[in-house]
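Novice: Below are the structure tokens for one structure; questions will follow.
The values are calculated or read from the model by the stated rules, or taken from the named source; none is laboratory data. Quick caveat, the model's predicted, so the values are computed rather than measured. With ideal geometry, Cβ positions are generated from the backbone for all residues, glycine too; neighbour counts draw on all protein chains shown. Accessible surface is based on the protein model in full, side chains and every heavy atom, while ligands, DNA and RNA are left aside. Shrake-Rupley method; radii C 1.70, N 1.55, O 1.52, S 1.80 Å.
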Amino acid sequence: ISVSTPPSVAFLNGQFSAENVIKKVTRSGDLRGVFHDGDSWQAISPETPIYEVEMLRSPQGEGELYAGVTHLQPGRVGDEFYMTRGHFHQRREQGEVYFGLKGAGLLLLQDEKGDARLERVSPGSVHIIPGFSAHRLINTGNEILSALAVWPSIAGHDYASLTQGFALRVVERGGKVQVREVQNG
Ligand code: PAN
Ligand code: ZN
């Protein structure tokens, strides 16, 4: 019987041991229209890295799973904390699990009716994202927010259906984290 060594992830910082991970960097310039303050968004270099996703290579198809870590930089565009674009899954019924690894932030969840809620992300937090829920990570801290995600490879990403945006925005106000309800996207 042979025992193989799978890839590992350092729970302290989300670094994968595997060398041939797939890496995707999302920069400020990729996030047009995502932050509410367009002038502040214009003012920062489009090359500014906002987040990076590292994924293990795994098979695709019905029943297969992806595992990936998102590293979200600390910072703000105007008063709004850095965040991921956020998405529904193309296969709406497919859920996902996020595990907080490092840093402090929020997971914004929104159903198809537009009802939104937030979960606190911290090292060790476990987030069950139900099907039919859009999801976005927000870094409200001063260090990188890293979270491990596991999701069905058939889920796919649907970014377009969120053109109305999320119903909540998370901003800094007087040194505090403030959640605002958005009127009309
Ligand atoms: C995550 C996200 C990752 C980046 O792996 O894809 O955090 O966020 P956006 O895809 O919204 O840019 C996930 O939820 N996968 O399904
Ligand atoms: Zn997802």
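Novice: If I ask for residues that are in contact with a Ser or Thr (Cβ under 8 Å, 6 or more places away or on another chain), over 15 Å from ILE128 (Cα atoms), of a type in the set (A, V, I, L, M) and within 16 Å of ligand 2 (Cβ to nearest atom), which ones from the stretch 66-95 would you list?
Specialist: Within the stretch 66-95, VAL69, LEU72 meet the criteria.
Novice: Mind telling me which of the residues LEU168, LEU101, LEU118 ends up being modelled with pLDDT of 95 or more, buried (at least 19 other Cβ atoms within 10 Å of the Cβ) and not aromatic (Phe, Trp, Tyr)?
Specialist: After applying the criteria, what remains is LEU101.
Novice: Taking the stretch 135-154 on its own, how many of its residues are under 15 Å from the mean Cα position of the chain (by Cα) and either part of a strand (DSSP E or B) or among the aliphatic types (A, V, I, L, M) (or both)?
Specialist: Residues flagged as under 15 Å from the mean Cα position of the chain (by Cα) and either part of a strand (DSSP E or B) or among the aliphatic types (A, V, I, L, M) (or both) within the stretch 135-154 amount to 13.
Novice: Working only within the stretch 122-134, note down all residues that are in a loop (DSSP other than H, G, I, E, B), touching a residue at least 40 places away in the same chain (Cβ under 8 Å) and open to solvent by less than 30 Å² (accessible area, probe 1.4 Å).
Specialist: GLY131
Novice: Residue check: is VAL25 open to solvent by less than 40 Å² (accessible area, probe 1.4 Å), β-branched (Val, Ile, Thr) and over 18 Å from THR140 (Cα atoms)?
Specialist: Considered against the rule, which asks whether it is open to solvent by less than 40 Å² (accessible area, probe 1.4 Å), β-branched (Val, Ile, Thr) and over 18 Å from THR140 (Cα atoms), VAL25 comes out as no.
Novice: Going through the stretch 135-162 one residue at a time, which ones are surrounded by 15 or more Cβ atoms within 10 Å (Cβ to Cβ), within 21 Å of GLY63 (Cα to Cα) and among the small types (Gly, Ala, Ser)?
Specialist: Once the filter is applied, which keeps residues that are surrounded by 15 or more Cβ atoms within 10 Å (Cβ to Cβ), within 21 Å of GLY63 (Cα to Cα) and among the small types (Gly, Ala, Ser), the stretch 135-162 yields ALA149, SER153, ALA155.
Novice: Please tell me if GLY68 is open to solvent by less than 20 Å² (accessible area, probe 1.4 Å), out of contact with any Pro (no Cβ under 9 Å at 6 or more places or on another chain) and not acidic (Asp, Glu).
Specialist: yes
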